[in-house]
Amino acid sequence: MQPRSSAVATLGIVVLALFTVWITWRAKTLEQDLQTSAQRIALLNKAAPNLRLPSLDGRTVSIADYRGRKKLVLLFWASWSALSHQEMLHLSMLYQRTRRPDSDFEIVAISEDDDRAAAQNFVQQTKVPFPVLLDTSQSASDAMQIRSIPALLLIDAAGTVVFGRVGFDARIDFDLSRQLGITYNPMDFGAPNAGRPN
């Protein structure tokens, strides 16, 4: 009887090994699928849903307020995200050096912080120059199908998402300035608005 029980044990080990290989492969595939979908801008070339969110200064801001008037850059971020800090720094410099009252674009940040005070502290300490909205319930990120932050969307004046990126890339200010049709050189340490179009 010894050889039969040894054969059953060997078969069991082979089956267990095959199952382990299969489940590991399946888990890796699911993980890659999740990462890919988190990095994708689902609304690219589609109409942006209208969002109404409270701002840190107490106003209520709607995306519809910009429709027909300006391009709108939306940055989904959180104070606890180190990559969001980098994105905010780059966008703040771009905004301060190129944005004028008659510019045809606006940048609006949407905080995914659960705590208003955390967002408020970050904005005050870093002197963020553009409006910051609060999305404590994540209703805006759900509507925009944002799965990872930082995430940036460019909505044209007609209300269509025409550009987007998930994650931080040090070239975001160059890529975004090209999308906005403005000249921007971060090495120009001159006066604000030095990069405005001629």
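The values are calculated or read from the model by the stated rules, or taken from the named source; none is laboratory data. Owing to the predicted nature of the structure, the values given are computational and were not obtained by experimental measurement. All Cβ positions, glycine included, derive from the backbone under ideal geometry; neighbour counts span all protein chains shown.
Quick one: is Ala78 touching an Asp or Glu at 6+ places or on another chain (Cβ under 7 Å) and touching a residue at least 24 places away in the same chain (Cβ under 8 Å)? Spelling it out, Ala78 is indeed touching an Asp or Glu at 6+ places or on another chain (Cβ under 7 Å) and touching a residue at least 24 places away in the same chain (Cβ under 8 Å). Counted as qualifying within the range 117-198 are no strands (runs of 3 or more DSSP E), as none has 2 or more residues that are modelled with pLDDT of 90 or more, out of contact with any Pro (no Cβ under 6 Å at 6 or more places or on another chain) and aromatic (Phe, Trp, Tyr). Annotation: of all residues in the range 119-157 being β-branched (Val, Ile, Thr) and under 12 Å from the mean Cα position of the chain (by Cα), the one that is surrounded by the fewest Cβ atoms within 10 Å (Cβ to Cβ) is Ile149. Within the range 97-118, take every residue that is basic (Lys, Arg) and over 20 Å from Leu152 (Cα atoms) and give me the one that is surrounded by the fewest Cβ atoms within 10 Å (Cβ to Cβ). Per the stated criteria, the residue is Arg100.
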